[in-house]
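Encoded as structure tokens, the structure appears first; notes follow it.
The values are calculated or read from the model by the stated rules, or taken from the named source; none is laboratory data. Just so you know, these numbers come straight off a predicted model, no measurement behind them. Heads up, the Cβs are rebuilt from the backbone with ideal geometry, glycines too, and the neighbour counts pull from every protein chain shown.
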Amino acid sequence: MARRPAYNDTHSRYFSKPGKRNTKALLKAVARRAKELSIRRVLVATCSGRTAMAARKALDPDIQIVAVTHYTGFEKPNHQELSAAKRRELESWGVTILTCQHAFGGVGRGIRRKLATYQVDEIMAYTLRTFGQGTKVAIELALMAADAGLVRTDEDVISIGGTSEGADTALVLRPANSSNVFDLKIREIIAKPRDF
């Protein structure tokens, strides 16, 4: 019987600064690691659809991409940042689109805005941001996609987040439903900004 090694050496990419300038290099690292781990699902945060389209073009065509948008009304009432035309284009490329309330900013954010007091979900978000905005986003996407039934909670996925625009963070993780948030497991850091 073969003995399992006590550790694995893997490559992590640490960007000098956050932001969209890292998107291409991040997607290259994600493509490599997805292939090495045989991961078939990748979650991508996207507002305009540009990052999701870049992921679709950079990753193996057999990888299922779930593009997660801001909820309608995030920027202003009744407004969806992902245009209907871009949504149709992404879907024609086989990208699944998820638009729903943020796991770390739903009703709790409304309470903070009205009553000037923070709720547990936003405290968790601020805590995760100590690793960078993209880390918080990547974890949030996994909770949202699991709640929507778009990823399984017993299979690893890669989740891609960013800071403002583009992508600068990628994690291999085991998703969980938001009601079981502490069952979510971060398995690997593929890339993230070092300074943010």
Just give me the residues in the range 1-25 being outside any loop (DSSP other than H, G, I, E, B), of a type in the set (D, E, K, R), farther than 17 Å from Arg187 by Cα and touching a residue at least 60 places away in the same chain (Cβ under 8 Å), in sequence order. Lys20, Arg21
Taking the range 114-127 as the search range and keeping residues that are out of contact with any helix residue (DSSP H, G or I) (no Cβ under 7 Å at 6 or more places or on another chain) and not hydrophobic (A, V, I, L, M, F, W, C), which one is surrounded by the fewest Cβ atoms within 10 Å (Cβ to Cβ)? Lys114
Answer residue from the range 75-99, given it is over 22 Å from Val151 (Cβ atoms) and buried (at least 17 other Cβ atoms within 10 Å of the Cβ) and is modelled with the highest pLDDT among those: Lys86
I'd like to know if the range 98-112 contains one or more residues that are part of a strand (DSSP E or B) and not polar (S, T, N, Q). yes
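Could you check the range 128-155 and list, in sequence order, the residues that are part of a loop (DSSP other than H, G, I, E, B) and surrounded by fewer than 22 Cβ atoms within 10 Å (Cβ to Cβ)?
Residues of the range 128-155 part of a loop (DSSP other than H, G, I, E, B): 132, 148-155.
Correct list: Ala148, Gly149, Leu150, Arg152, Thr153, Asp154, Glu155.
Which one is modelled with the lowest pLDDT, of the residues in the range 63-74 that are in a loop (DSSP other than H, G, I, E, B) and either among the hydrophobic types (A, V, I, L, M, F, W, C) or within 16 Å of Ala142 (Cβ to Cβ) (or both)? Talk me through it step by step, then tell me what you get.
Going residue by residue through the range 63-74, those that are in a loop (DSSP other than H, G, I, E, B) are 63, 70-74.
In the following step, the residues that additionally are either among the hydrophobic types (A, V, I, L, M, F, W, C) or within 16 Å of Ala142 (Cβ to Cβ) (or both) were identified as 63, 74.
Working: Ile63: 98, Phe74: 85.
By that ranking, first place goes to Phe74.
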Flag for Thr69 being farther than 27 Å from Asp147 by Cβ and among the β-branched types (Val, Ile, Thr): no
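Kindly evaluate Leu82 against the criterion of being of a type outside the set (Gly, Ala, Ser) and touching a Gly at 6+ places or on another chain (Cβ under 6 Å). Spell out the reasoning first.
Details: of a type outside the set (Gly, Ala, Ser): yes; touching a Gly at 6+ places or on another chain (Cβ under 6 Å): yes.
Criteria met by Leu82.
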Considering residues that are in contact (Cβ under 8 Å) with a residue 24 or more places away in the chain, of a type in the set (A, V, I, L, M, F, W, C) and either surrounded by fewer than 12 Cβ atoms within 10 Å (Cβ to Cβ) or in a loop (DSSP other than H, G, I, E, B) (or both), the number found within the range 174-196 is 3
Could you check the range 153-164 and list, in sequence order, the residues that are within 18 Å of Ile63 (Cβ to Cβ) and out of contact with any Pro (no Cβ under 7 Å at 6 or more places or on another chain)? Glu155, Asp156, Ile158, Ser159, Ile160, Gly161
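On the basis of being crowded, with 17+ Cβ neighbours inside 10 Å and touching a Phe, Trp or Tyr at 6+ places or on another chain (Cβ under 8 Å), does His102 make the cut?
In short, yes.
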Output the residues belonging to the range 59-99 that are more than 29 Å from Ala25 (Cβ to Cβ) and either of a type in the set (A, V, I, L, M, F, W, C) or touching a helix residue (DSSP H, G or I) at 6+ places or on another chain (Cβ under 9 Å) (or both). Gln80, Ala84
Of (1) aliphatic (A, V, I, L, M); (2) over 17 Å from Met144 (Cβ atoms); (3) without any contact (Cβ under 8 Å) to a residue 24 or more places away in the chain, Met53 satisfies every one except (3)
